[in-house]
Amino acid sequence: MKTFENPFDFSACVRPTAVHHSVYIDPAIFEIELTRIFERSWIYVGHETQIARPGDYYATRIGRHPVVMVRGNDQKIRVFFNRCLHKGAQLVGEGCGTAGKALRCGYHGWIYDLNGALRSVPARGGYDGSAVRPGAEEFALRSVASVEQHHGFVFARIATEGPSFRDWLGPLAGSLDNFVARAPAGEVEVAGGVLKYEYACNLKFFVENTLDALHPMVVHQSAARSAREVVAASGADKNALAFELQALAPFAGSYTFYDDMGARVMPHGHADLGGAASIHSNYEEDPDYLAAMMAAHGEPRAREILALSRNNSLAYPSLMFKAPMQLLRVVRPLAVDRTLIETWHFRLKGAPASMLARTLAYSTLVNSSAGMVGPDDHQIYRQLQSGLATSQIEWVEMSRYSGAGEASADGSIGVKGTSDAMFRGQFAAWQTLMCA
């Protein structure tokens, strides 16, 4: 006898230590998520350095909605729905570009100021007696409801109601602060283009996996063991190893190693994996970078900034970032079983070029579909999506370390690194948004 009959009773989809398999495989639920999760949440749009000058734009999506982030002549950053108010054509294609002094629709030539106002309409005389005219408010570009920034990271929300950006970000702000504090000059900028790869799985599998510390030593054992064998055969000191070997070896760490690095569970589904220790914490120090940090901050503060080491930080539902590696990954849901991931790399202003080289080396080695770690995840995601298709096993178990911890003053809860509490926190946020 089934224990769950109605996949749209979202209050019954989530149990204290389990979730119903339909939340990963039901196309109807996925479509509802695009509205209730992605339109009601604060979603990362892009970084201010992608639109450095007036007229620059970056076009992307929030759920199903095409949006465009534009810098105006007043230097203000605005996020519009990317569609002309005439026939609805997208004004610009996805990605970065520059519109110059105005945005022009490529279909009938309607032109909009950088602040969204309709500037001109071709063959205007044909509209005499209608509401179509330059400056008409009803034909101005539509803005999303809210836009906020944190250290140049731009977030937007489509819904008019919900928590303020500061309340939503909460204690996770400290992890973004650390991302930027690692720049000797106190600023970061997007470096180069974007690395895109598509997974044959539901977006939640990827989001959960970025915080899953039970899988590295199993899924990635071939790459990690090979790295350790090379290290053992070379007899070299760990600080003399090539960076690639330093990066791969920790994936074979023990369960105790991953438990001890710890994690934080935060309101609204956010979480951090790692803290004083992580898979990144034993990399060889770059002497030029360390010197630049000490010159900028003084040795005690520089050491404090660099001592905080997190594997991944999640801004639920769609942004993961690695402060120690200066990169972030954005989730773009395509279908119930298709997810596009964008990886963006950042340059630390005031840091030597070797730091960006390290970021790119890590990304291509670990995140890329052509690397030594990413393909392992691709295969597991396919197996997860396929395995959950059976209706005979309805519930996905999430009971590891189920005891509730004490919340700190900022609302976060410290847990062991392999705790399922991070996933339970995501589904608590999911349920709140889906049932609202």
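Is at least one residue of the range 394-416 outside any helix (DSSP H, G or I), at pLDDT below 95, touching a Leu at 6+ places or on another chain (Cβ under 7 Å) and not aliphatic (A, V, I, L, M)? No, there is no match, as no residue in the range 394-416 is outside any helix (DSSP H, G or I), at pLDDT below 95, touching a Leu at 6+ places or on another chain (Cβ under 7 Å) and not aliphatic (A, V, I, L, M).
Within the range 41-64, residues that are farther than 22 Å from Arg166 by Cα and among the basic types (Lys, Arg) have Cβ atoms under 8 Å from residues that are outside any loop (DSSP other than H, G, I, E, B) and open to solvent by 10 Å² or more (accessible area, probe 1.4 Å) in these pairs: Arg53/Arg71; Arg53/Thr98; Arg61/Arg332, counting only partners at least 6 apart in sequence or on another chain. A single entry from Val67, Val23 fulfils the requirement of being buried (at least 18 other Cβ atoms within 10 Å of the Cβ), over 30 Å from Ser386 (Cα atoms) and of a type outside the set (Lys, Arg): Val67.
Is there any pair linking a residue in the range 371-384 that is more than 14 Å from Thr210 (Cβ to Cβ) to one that is in a loop (DSSP other than H, G, I, E, B) and open to solvent by 20 Å² or more (accessible area, probe 1.4 Å), with Cβ under 8 Å and at least six apart or on different chains, and which? So the pair list comes out as Pro375/Ser369; His378/Ala200; His378/Ser369; Arg382/Ala200. Looking across the range 245-272, the residues that are open to solvent by less than 30 Å² (accessible area, probe 1.4 Å), of a type outside the set (Asp, Glu) and under 12 Å from Gly414 (Cβ atoms) come down to Met261, Gly262, Ala263, Val265, Met266, Ala271.
If you check Ser309, Ser368, Ser386 for being over 27 Å from Ser41 (Cβ atoms) and touching a Pro at 6+ places or on another chain (Cβ under 7 Å), only one passes: Ser309.
Do we find a residue being modelled with pLDDT under 95, of a type in the set (Ser, Thr, Tyr) and either open to solvent by 60 Å² or more (accessible area, probe 1.4 Å) or part of a loop (DSSP other than H, G, I, E, B) (or both) anywhere in the range 87-103? Within the range 87-103, not a single residue is modelled with pLDDT under 95, of a type in the set (Ser, Thr, Tyr) and either open to solvent by 60 Å² or more (accessible area, probe 1.4 Å) or part of a loop (DSSP other than H, G, I, E, B) (or both).
Kindly indicate whether Leu340 is within 14 Å of the chain's Cα centre (by Cα) and either open to solvent by less than 10 Å² (accessible area, probe 1.4 Å) or at positive phi (or both).
Numbers: within 14 Å of the chain's Cα centre (by Cα): yes; either open to solvent by less than 10 Å² (accessible area, probe 1.4 Å) or at positive phi (or both): no.
The answer is no for Leu340.
Considering Leu203, Leu214, which residue is modelled with pLDDT of 95 or more, surrounded by 22 or more Cβ atoms within 10 Å (Cβ to Cβ) and not β-branched (Val, Ile, Thr)?
Values: Leu214 fails: surrounded by 22 or more Cβ atoms within 10 Å (Cβ to Cβ).
One residue alone meets the criteria, Leu203.
Sort through Gly193, Gly125, Gly106, Gly186 and tell me the only one that's over 20 Å from the mean Cα position of the chain (by Cα), at pLDDT below 95 and open to solvent by 10 Å² or more (accessible area, probe 1.4 Å).
Details: Gly193 fails: over 20 Å from the mean Cα position of the chain (by Cα); Gly106 fails: at pLDDT below 95; Gly186 fails: at pLDDT below 95.
Every option except Gly125 fails the conditions.
Looking only at the range 175-211, residues that are touching a residue at least 60 places away in the same chain (Cβ under 8 Å) and either under 17 Å from Asp272 (Cα atoms) or not in a loop (DSSP other than H, G, I, E, B) (or both) come to 25 in all.
The values are calculated or read from the model by the stated rules, or taken from the named source; none is laboratory data. Values in this document were obtained by computation on a predicted structure and should not be read as measured data. Methodologically, a virtual Cβ is constructed for each residue, glycine included, from the backbone with ideal geometry; neighbour enumeration extends over all protein chains shown. We work out accessible area using only protein heavy atoms, side chains counted, and drop any ligands, DNA or RNA first. Shrake-Rupley method; radii C 1.70, N 1.55, O 1.52, S 1.80 Å.
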